[in-house]
Amino acid sequence: METFWNESFDLKPKHSSEEALEKWRKVVGFVKNPKRRFRFTANLSKRYEAAAMRRSNHEKLRIAVLVSKAALQFISGVKPSESDYVVPEEVKAAGFELCAEELGSIVEGQDVKKLKIHGGVDGIAEKLSTSTTDGLSSDSVLLNKRQEVYGINKFAEAEAKGFLVFVWEALQDMTLMILGVCALVSLIVGIAMEGWPKGAHDGLGIVASILLVVFVTATSDYRQSLQFKDLDKEKKKITIQVTRNACRQKMSIYDLLPGDIVHLNIGDQVPADGLFVSGFSVLIDGSSLTGESEPVMVNADNPFMLSGTKLQDGSCKMMVTSVGMRTQWGKLMATLSEGGDDETPLQVKLNGVATIIGKVGLFFAVVTFAVMVQGLFMSKLQEGTIWSWSGDEALKLLEFFAVAVTIVVVAVPEGLPLAVTLSLAFAMKKMMNDKALVRHLAACETMGSATNICSDKTGTLTTNHMTVVKSCICMDVREVGNNNKASLCSEIPESAVKLLLQSIFTNTGGEIVINKDGKREILGTPTETALLEFGLSLGGDSRAERLASKLVKVEPFNSTKKRMGVILELPEGGLRAHTKGASEIVLAGCDKVINSNGEVVPLDVESINHLNATINQFANEALRTLCLAYMELENDFSPDNAIPLSGYTCIGIVGIKDPVRPGVKESVAICRSAGITVRMVTGDNINTAKAIARECGILTDDGIAIEGPDFREKSQEEMLALIPKIQVMARSSPMDKHTLVRQLRSIDEVVAVTGDGTNDAPALHEADIGLAMGISGTEVAKESADVIILDDNFSTIVTVAKWGRSVYINIQKFVQFQLTVNIVALIVNFSSACLTGMKAINFVYIYFKLMF
Ligand SMILES: Nc1ncnc2c1ncn2[C@@H]1O[C@H](COP(=O)(O)OP(=O)(O)OP(=O)(O)O)[C@@H](O)[C@H]1O
Ligand SMILES: [Ca+2]
């Protein structure tokens, strides 16, 4: 029994195999109403359909690439011939020169030949009457026209079910249908024998009880579905940066139209089909669309970007060409949206309970029927009328049968698994109000039993509002206050200021833009904006710096390298590389430094010690440190080469303050008292991490702080011995985080992990509960997570844990109550039926009396 139970109804909370999902469905077997029983469980057939679609996408894409390669060879050298493409009248009338189908065939078909014929990316931009620099005009009349021709960026979704649909589904209960037949027969026979209305009493009684059951079921199901709809809408909200009217702005991906220029960064999902306009080191992960795991480089030679794929690295500008259901992703999503959420372990367990009780109920129903029939036969045998049956007696038999069926209706807790869904959905809604969006129902269950939280530092424990407060430029440490910024400039040699500003404004992933209201706005990650702000306060002019030298190459920041770099073509000729990043790492690649006189001198031991001491001093004050460096490149340096890692001249070090969030300390204490261990895993410097961890109460005197590279070196045994004591892990790579989580899970801890970056995805995936940050989190992180923390706040995580616990207790109580009701109802029905042959209506009545 036990093994049967464990094998069939034991589902993992995450990543359950298709077999496991199929298995319990099979074992459930006796189901009164499959429509209800399997609602809010995964729709496996739809999922298989989606998987098949992915495979065919993969195949199509592979062929398209082959064909276009061949075409490219053929047309290279030959002037592209005029196409025989005719613009449809209505498209022309709207002011465009390309129809949606042609655009689709170019991008989805990866058709280089057609692309060339239409004049490349610029040609297509012109035909779509957009500009790759300024984007669409935001005139609503023009936008509406565009929308009429090309459609909107939304996927077709199944219509929301109305109340009547739920009534209809509730009616499809097997036992209710049998009762219905009984009622009908009873009505016909009764009226035929005793006439209207006397003979109809029994039949109408059954009909009334059926209607009551159906109404109550449908109402509760309908209410539940409404709750889910709200949550679903929230889950799909994604915003993206778009240039319209030459203004960079945030927009919902639903408002995208062909011709829009969108800005994509590492971790973003490509929101529509489009063409690469400009950008650097773009690597596209197409696995969600095609199942292909090998990432693809996208650049001017291979400019096709498909909706639903993700930026694994780099950043770029893309021009949208096809939206919504015209993309393969749209079609896939339309199918997948009906694929449903995975069932949770509790749901499956309760399905098991319902199944077993169903069998018990069925057994009792059969026994009841047998007992009652036997009673009738016995009395007839005594009367000696066993062979002569009156209509009244036949009706009595029918009534017995109805009583037996009613026992099944009453005793089987068909709604039990649904009730779990109901309480989980209720908790989800409450969590939503508390700024936590639950993506997978199962997470609500698991969160209650979490024993470990591995938290990010930046943005989760801290506010993510960064400002440069200290600097060490040209070897001199200075405070950067509000009043002495101008003086800072005058204290540093001019040549160094020039280099510093050039580094800040050109070697950046951020951007300074003028927004719709004409105000200056700094876009980018908090670290970047802090630096840009610093540059501006030194009197720098970002636009002028950017125009002065040409960007030849950019290697955007990622958490693995912990640095970024650019190569500039200087106005006076020659190439210069700038790099900035984690101080120790960048400093290790420097062999020269600018001294206080503004001269470049070799980095001797004394200066190295001075700089390292500065880094530690900043870090001990809980500041994030960045080192900026540059290097002149030889003239024969080819931009195709990677940006060098060493040989740099250090310009300086900045200390960035990121204050701890209010309330974090208290939340950490709450966790501790609730038996949850909080650990900090960060990419930052170990001293910065320690300082902040102490401030939050995470690092205690008996705890260990370790650096990622040291942790990686440890053997399995050493790791296991170390892990319970690790409270801070600094300079961690994404894989370190993943390893920590895996090891913790292997010693039976239930681990919650928070993350924001693309590289946190593996750890989020591995964790029992992955928590992604809503504001700073990338799409990739969010997609790997089970819960999205909408305000990025550590306290919210504690709230989620609290909800998780209360959900568990609530469900437990509810199940106890419901099972008691069912069993009492079963016993009452059974005994009274055997003793007195009470009528069906009374049972249903008793049941609902008990329920409400
Ligand atoms: N835009 C950037 N350019 C260059 N270096 C950066 C940039 N952003 C961060 N860094 C450096 O990289 C280090 C680690 O970054 P990483 O993304 O791994 O950690 P994080 O996600 O910011 O921190 P946490 O893991 O606590 O959230 C930082 O300490 C900083 O020195
Ligand atoms: Ca992070």
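With only alpha-carbon atoms counted, please give the Rg and Dmax of the range 155-250, in Å.
When restricted to the Cα atoms of the range 155-250, Rg and Dmax are 24.4, 86 Å.
Over 27 Å between Cα atoms, which of K580/K665; K457/K561; K113/K550 qualify?
K580/K665; K113/K550
What nm value, rounded to one decimal, do you get for the distance between S390 and V165 when each label is placed 7 Å out toward the C-beta?
5.2
Just need the relative contact order of the chain here, percent rounded to a whole number, with Cα pairs under 8 Å and 6+ apart.
Numbers: 1559 pairs, mean separation 114.7, N = 852.
Here the relative contact order equals 13 percent.
Tell me, what does the Kirkwood hydrodynamic radius of the chain come to in angstroms if you use every pair of distinct C-alpha atoms? Numbers along the way, then the final one.
Working: mean 1/r = 0.0319 Å⁻¹.
Taking the inverse mean of 1/r over all distinct Cα pairs, the chain comes out at 31.4 Å.
Residue farthest toward the positive end of the dipole of the chain, with Cβ of Lys/Arg at +1 and Asp/Glu at -1: which of A427, I585, L551?
A427
In debye to the nearest 20, how big a dipole does the range 467-657 give about its Cα centre with +1 on each Lys and Arg Cβ and -1 on each Asp and Glu Cβ? Let's see the in-between values first.
Working: 19 positive and 24 negative charges, 138 e Å.
Once rounded to the nearest 20, the dipole reads 660 debye.
Tell me what the chain gives for mean residue ellipticity at 222 nm when only DSSP H runs of n ≥ 4 count, each as -39,500 (n - 2.57), the sum divided by the residue total, rounded to 500 deg cm²/dmol. Kindly include the intermediate steps, with their values, before the conclusion.
Numbers: 33 runs with 431 residues, N = 852.
Mean residue ellipticity at 222 nm (helix-derived): -16000 deg cm²/dmol.
Helices from the chain with mean Kyte-Doolittle at least -0.5 and a Cα length along the axis of 24 Å or more, per DSSP H: which?
Correct list, ordered by number: 44-75, 174-194, 201-235, 345-383, 391-411, 416-433, 794-836.
Hey, rough spin-label estimate for A208 and Q172, points 7 angstrom out along Cα→Cβ, what's it come to in nanometres?
3.0
Once you have a ≥ b ≥ c as the square roots of the Cα gyration tensor eigenvalues for the range 352-506, tell me rounded if a/c is under 1.5, and otherwise prolate or oblate according to whether a/b is larger than b/c. Could the numbers behind the result be given before it?
Values: a/c = 8.41, a/b = 6.83, b/c = 1.23.
Cα axes put the range 352-506 in the prolate bin.
Where does each of 374-380, 264-270, 539-545 land if you order them by average Cβ count within 10 Å, highest first?
Highest mean packing first, the order is 264-270, 539-545, 374-380.
Students often forget the sequence filter, so: which aspartates and glutamates lie under 18 Å Cα-Cα from K198 once same-chain residues fewer than 8 apart are removed?
D392, E393, E399
Checking the cross-link filter: which aspartates and glutamates have an alpha carbon closer than 15 Å to that of K32, excluding same-chain neighbours under 8 positions apart?
Counting by Cα, and skipping residues close in sequence, K32 has these aspartates and glutamates nearby: E169, D173, E414.
Distance cut-off 30 Å, Cα to Cα: go down the list K154/K737; K35/K60; K46/K236 and report the pairs above it.
Working: K154/K737 36 Å; K35/K60 36 Å; K46/K236 20 Å.
With Cα atoms farther than 30 Å apart: K154/K737; K35/K60.
Can you tell me the FRET efficiency between E7 and R742 if r is taken as the Cβ-Cβ distance and R0 is 25 Å, rounded to the nearest 0.05?
Working: r = 25 Å, r/R0 = 1.01.
The computed FRET efficiency comes out at 0.50.
Run down the aspartates and glutamates and flag those whose C-alpha is under 18 Å from the C-alpha of K519, throwing out any fewer than 8 positions away in its chain.
Qualifying aspartates and glutamates at Cα under 18 Å: D134, E511, E533, D541.
In debye, nearest 20, what is the charge dipole magnitude of the chain about its Cα centre with +1 on Lys and Arg Cβ and -1 on Asp and Glu Cβ, if you could check?
On the way: 88 positive and 100 negative charges, 428 e Å.
Here the chain has a charge dipole of around 2060 debye.
Note the per residue figure in Å³ for the convex hull of the C-alpha positions in the range 467-657.
Values: hull volume 23.1 nm³, N = 191.
Value for the range 467-657: 121 Å³ per residue.
Is the shape of the range 733-777 rounded, prolate or oblate, going by the alpha carbon gyration tensor and its root eigenvalues a ≥ b ≥ c, with a/c under 1.5 for rounded and a/b larger than b/c for prolate? Write down the numbers at each step before the final one.
Details: a/c = 3.24, a/b = 1.62, b/c = 2.00.
It comes out oblate by the Cα gyration axes.
Which value, in debye to the nearest 20, describes the size of the charge dipole of the range 88-229 about its Cα centre when Lys and Arg Cβ atoms bear +1, Asp and Glu Cβ atoms bear -1, and nothing else is charged?
Values: 12 positive and 19 negative charges, 50 e Å.
Result for the range 88-229 is approximately 240 debye, rounded to the nearest 20.
Place the peptides 495-505, 194-204, 824-834, 607-617 in order of packing, highest mean first, counting for every residue the other Cβ atoms within 10 Å and averaging per peptide. Show your work: numbers first, answer last.
Working: 495-505: 21.5, 194-204: 15.1, 824-834: 18.8, 607-617: 16.9.
Most protected by this proxy first, the peptides run 495-505, 824-834, 607-617, 194-204.
Any read-out appearing in this document is the output of simple, stated calculations on the displayed coordinates, not a laboratory observation. Bear in mind the structure is a predicted one, so any value in this text is a computation, not a measurement. We place every Cβ from the backbone using ideal geometry, glycine too, and count neighbours over all the protein chains shown.
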